[in-house]
Amino acid sequence: MFPLASIDIGSNTIRLLIGRIQDKTIVRLVTEMFITRLAAGIAETGKLRAESMEKSVSVLKRFSQIISEYNVSGVKAIGTSALRDAKNSDEFIQRVWRETGIKIDVVSGKKEAELTAKGVLWGIEKSGTFLIVDIGGGSTEWILCKDSAMTGMGTMPIGVVRLYEKHIKQDLPSKEDLVSLGREIEVVLNKLKAEIGRQMTNDTVFIGTAGTITTLATIDLGLDVYSHEKINMHSMLLQRLYKIYYRLTSISLRERKNLKGLEPERADLIIPGILFTIKIMEIFGFKNLIVSDNGLLEGAFIKLSEEALKLT
């Protein structure tokens, strides 16, 4: 079977996966990720910025070239919050199609959550209840699962790009910045708890996915080189996250950019990202976080593979 490709066009990052499924395992031939901040400025203007579109199109041109080199038989490109919300997203989508041949499917928050759950739950033990949270750049998806069945899912209209632009006013976040940031996160999470709290138990497992969560794992592990094998299913205690948070909020942006395990382009967004993660754990009573390096990208890939099998 020829390889397949999935692309996650997120509000902060654009990612590529080329591979095939073999013995219920995703065999990864190519994985790439670039931070383009497609959602930058949307909260203020309602539109994608020209420079963000330019950078994103450039990345997708690169992905298109790689895809052609691997003789890929199918491509699924998923657009998320930034393309759902921006008034000029059609302009970007049409340009990408003209210049790269990549057709972008902009999915709803619910569909995004479904694909994220499909990716996260692929190949892991599914007994018990799970709360899966995907902290994105423009929105945050949640999925509640019991064993292999999804019992609830939804999207929250906040993500790390929007939170950063709204609350962090200076290089070294002030106490006031962090308090206002925390308050907005708490309001959203308390609404979610009121909605789904009764469906959860003391044994519910918290699984986090996407860039914020995997970055926290790379910092915790002190990795010089990103490793899917080391990051996927890595476990972090809330007390450990507190220590990382205090360190991140006590050093300058320049110092954060040099921190082992933290990509320089994510050194600002990690502040709202880690506080969001901590607030989830505090409000829902989680003591431990399980990190998943599988998510929307893998869910889209699995979905494409299932569609390809139906055609054979």
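The values are calculated or read from the model by the stated rules, or taken from the named source; none is laboratory data. This one's a predicted model, so the numbers in the text were calculated from it and none came from an experiment. Don't worry about glycine lacking a Cβ; one is built from the backbone with ideal geometry, like all the others, and counts go over all protein chains shown.
Pick from segment 121-180 the residues that are hydroxyl-bearing (Ser, Thr, Tyr) and more than 26 Å from residue 272 (Cβ to Cβ): which of them is modelled with the lowest pLDDT? That would be 148. Kindly establish whether residue 141 is assigned by TED's automatic domain parsing to the domain that holds residue 193 and either free of Cβ contacts under 8 Å to residues at least 40 places away in the same chain or within 17 Å of the chain's Cα centre (by Cα) (or both). Yes: the conditions hold for residue 141.
Do the conditions hold for residue 147, that is, is it among the charged types (D, E, K, R) and in contact (Cβ under 8 Å) with a residue 24 or more places away in the chain? So residue 147 does not fit the description; no. Regarding segment 28-45, can at least one residue be identified that is over 21 Å from residue 296 (Cα atoms), touching a residue at least 24 places away in the same chain (Cβ under 8 Å) and in contact with a Lys or Arg (Cβ under 7 Å, 6 or more places away or on another chain)? So far as segment 28-45 goes, yes, one or more of its residues are over 21 Å from residue 296 (Cα atoms), touching a residue at least 24 places away in the same chain (Cβ under 8 Å) and in contact with a Lys or Arg (Cβ under 7 Å, 6 or more places away or on another chain).
Give me a count of the residues in segment 292-312 that are surrounded by 22 or more Cβ atoms within 10 Å (Cβ to Cβ) and either within 17 Å of residue 142 (Cα to Cα) or without any contact (Cβ under 8 Å) to a residue 40 or more places away in the chain (or both). So the answer is 9.
The set of residues in segment 248-276 that are in a helix (DSSP H, G or I), out of contact with any helix residue (DSSP H, G or I) (no Cβ under 7 Å at 6 or more places or on another chain) and under 12 Å from residue 173 (Cα atoms) contains only 253. Determine if segment 114-121 includes at least one residue that is acidic (Asp, Glu), crowded, with 21+ Cβ neighbours inside 10 Å and not assigned by TED's automatic domain parsing to the domain that holds residue 8. Scanning segment 114-121, I find no residue that is acidic (Asp, Glu), crowded, with 21+ Cβ neighbours inside 10 Å and not assigned by TED's automatic domain parsing to the domain that holds residue 8, so the answer is no.
When residue 154 is tested against (1) surrounded by fewer than 21 Cβ atoms within 10 Å (Cβ to Cβ); (2) outside any helix (DSSP H, G or I); (3) under 14 Å from the mean Cα position of the chain (by Cα), exactly one condition is not met: (3). With respect to (1) in a loop (DSSP other than H, G, I, E, B); (2) among the β-branched types (Val, Ile, Thr); (3) free of Cβ contacts under 8 Å to residues at least 60 places away in the same chain; (4) farther than 30 Å from residue 6 by Cβ, the lone exception for residue 244 is condition (1). Candidates 104, 124: the one that is in contact (Cβ under 8 Å) with a residue 40 or more places away in the chain and either surrounded by 19 or more Cβ atoms within 10 Å (Cβ to Cβ) or hydroxyl-bearing (Ser, Thr, Tyr) (or both) is 104. With the condition kept exactly as written, say whether any residue in segment 176-192 is of a type outside the set (A, V, I, L, M, F, W, C), farther than 30 Å from residue 257 by Cβ and either assigned by TED's automatic domain parsing to the domain that holds residue 288 or touching a residue at least 40 places away in the same chain (Cβ under 8 Å) (or both). So far as segment 176-192 goes, yes, one or more of its residues are of a type outside the set (A, V, I, L, M, F, W, C), farther than 30 Å from residue 257 by Cβ and either assigned by TED's automatic domain parsing to the domain that holds residue 288 or touching a residue at least 40 places away in the same chain (Cβ under 8 Å) (or both).
Per the listing 163, 172, the residue uniquely in the same structural domain as residue 287 (by TED's automatic domain parsing), touching a residue at least 40 places away in the same chain (Cβ under 8 Å), farther than 30 Å from residue 28 by Cβ and within 16 Å of the chain's Cα centre (by Cα) is 163.
For residue 87, work out the one condition from (1) touching a residue at least 60 places away in the same chain (Cβ under 8 Å); (2) assigned to a loop (DSSP other than H, G, I, E, B) it doesn't fulfil. In the conditions (1) touching a residue at least 60 places away in the same chain (Cβ under 8 Å); (2) assigned to a loop (DSSP other than H, G, I, E, B), residue 87 misses (1) alone.
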